[in-house]
1. Roughly speaking, what % of Cα-Cα pairs in the stretch B:1-98 are separated by over 19 Å, rounded to a whole number?
2. How large is Rg over Rh for the stretch B:15-70, taking Rg from the Cα atoms and Rh as the Kirkwood inverse mean of 1/r across Cα pairs?
3. Highest first, please rank the peptides B:53-65, A:10-22 by the mean number of other Cβ atoms sitting within 10 Å of their residues.
4. For the stretch A:91-96, in order, what is each residue's ³J(HN,Hα) by Karplus, 6.51 cos²θ - 1.76 cosθ + 1.60 with θ = phi - 60°, in whole Hz (x at glycine and Pro)?
5. Partner chain Cβ atoms within 10 Å, averaged over the residues of A:160-170 - can you pull that number for me?
6. Residues of B:208-214, mean number of Cβ from any other protein chain within 10 Å of their own Cβ, rounded to a whole number?
7. Return the subset of A:LYS12/A:LYS217; A:LYS123/B:LYS184; B:LYS213/B:LYS307 for which the Cα-Cα distance in this structure is over 18 Å, preserving the input order.
8. Near the amide H of A:MET222, under 5 Å away, which other amide H atoms are found, from residues 5 or more places off or on another chain, if H is placed in the peptide plane?
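No value in this document is a laboratory result; all are computed from the given coordinates. This one's a predicted model, so the numbers in the text were calculated from it and none came from an experiment. Cβ placement follows ideal geometry from the backbone for every residue including glycine, while neighbour counts extend to all protein chains displayed.
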Amino acid sequence: MNNAHSIILEAKGLSKRFGGLIAVDEVSIAVQKLGVTSIIGPNGAGKSTLFNLLSGTFLPDNGAVHIDGVDVTRLSPEGRLFCGMARSFQITNLFFDLTVMDNLRIASQVLEPRSHLYLPLGKSEIALKRANELLEEFGLEESRDQLAGALSHGQQRRLEIAVTLATKPKLLLLDEPTQGMSQVDTHETADLIKRVGLNTTVLLIEHDVDLVMDLSKTVFVMAQGRKLAEGTPAEVRKNPLVQAAYFGEELA
Amino acid sequence: MLNTKARAIRLVELVLLGSAAALFIVGTYLGDTFFLRLATESLIFGGLALSVDLLLGVVGLLSLGQALYFGFGAYLSALILKELASSFALAILIVTIASAILGWVASFIALRSKGVYFALITFGLAQVAAKVVYNTRSLGASDGMMGVPILQIWTPFGLIDTSHPGIFFLICLLTISILYGILKYFLSTPTGSLWLAIQSNENRLAYIGYKSKGPKQVAFILAAVVAAVSGALYPMLRGFVSPELMFFSVSGNAVVTVVLGGVGTLIGPILGSVLLTSFKSVIGTWTSHHHIVIGLIFVAIVISAPKGLIGLIVTRMNKVDAKKEEGKHE
């Protein structure tokens, strides 16, 4: 556990202030390679802000982010992609006016040499192959030529994860992937995340506590911008602080 | 829907090309000047509209100052032809290089902003340039420059001169077709896909590994070159250039042309330009208030066919397809 080599993502003392509000306050987390690690916490706990700091959407006021021991604190999101980090969004964030296939193809384009940007699409064989793989893996073959904006919400959420996986990241940040999904879709997505976790490190923000407990090997609990607890799902469940802050009477 | 759009574009391409061939043959045979020159003019302004459509319809950037590059090309071409050498190739070559540099420099100013602010900055840049030209005596100030000589163009079939309306029409057709072909090529590459992605959701691009600035800059420079090369043809047709070429009316007209033809279709703007230029000329012979009539036509089209003429054709094709499908089932 203390082996530094098994840690892929490390945040040290991250803070972010919005005016008078301290959204994230001196949060340190270390995410181990492979499997699913989750961040949970009540609304306004600072999970999404923490996510934005980790993915480079915001710059932190204090603290540092390391991917595989490399300091990426000031690196842009596209820079972090080349360090193997990719993220999805809580609010579906796709190229809605493009087809499902085009979404996946464009997301896979980074796998190609830069010179292919100016050659006909057919030359980008790796991207094309990757897009087809994802279509199949995510069961989107039938919607291949549909506009992403015309898909059902569940399909859009699935496509969102597929797009994020296009570049074969070693570290995947998923921001509430099952948000607004039906029960069936949620279960399918959970299975999918589990499968992805077999050869990728997944960091997950989720509201659905049962889902998190089922999927994760490690859970971080946040409340009011701070890290409240961390441990295995069983440990976190037992933690009285967590019970008070998050689970309420339900588990007490 | 998507396939229908591609089919509609192919159809319009063929119809335009066929009409051009017919016009050339009949026009040359009958010794016509008026229609050939009118068609040439609509091609030249079609090139300008094409550049607006690349920015607006593909990348999602509304340029209200594309006349800057059009006028730049026209003035530079006139200067080269008058002062340097009476050479078509030299004029086009220098205009291409110079406008690429101008577009590159301007892109740093214009691409700092998005949306309305981008539109206002492009508008402002063009207004400044127009005022400078308007007040520069060596460029003819408000009178512009007259007396651009008739060109001799070297071809494998011998020297031809641009005073022949049919020949010059063909030269313009070829030039605009090449510009159109270049843009179509770019659209068939991943860069084209990135442009469409920027139009759809620019912020997402960073998370799939691209800065939007690069592809946007490429598009901006290309648009500048397409507008300038189209502009370079203008003094060859008219024999003069004037500061009005840089005015907002020209930029605005190009945007109207694009909307009329069909935003994001590339061929739509060419079709729009052919129709708008013809309308203007025909209506202009009846009344001097042709702008009012054109304005009304524009309003009618925007209300009845918000996706432009290409959109109308697509809808029509879909209906025909649906009927065919029905016929099969019966």
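1. It works out to 62 percent of all Cα pairs.
2. Values: Rg = 14.9 Å, Rh = 12.9 Å.
Ratio value, two decimals: 1.15.
3. B:53-65, A:10-22
4. After applying 6.51 cos²θ - 1.76 cosθ + 1.60, I find 9, 3, 10, 10, 8, 5 Hz.
5. 1
6. Whole-number average of other-chain Cβ neighbours for B:208-214 is 6.
7. On the way: A:LYS12/A:LYS217 21 Å; A:LYS123/B:LYS184 16 Å; B:LYS213/B:LYS307 28 Å.
Exceeds cut-off: A:LYS12/A:LYS217; B:LYS213/B:LYS307.
8. Result for A:MET222 returns A:ILE40, A:GLY41, A:LEU228.
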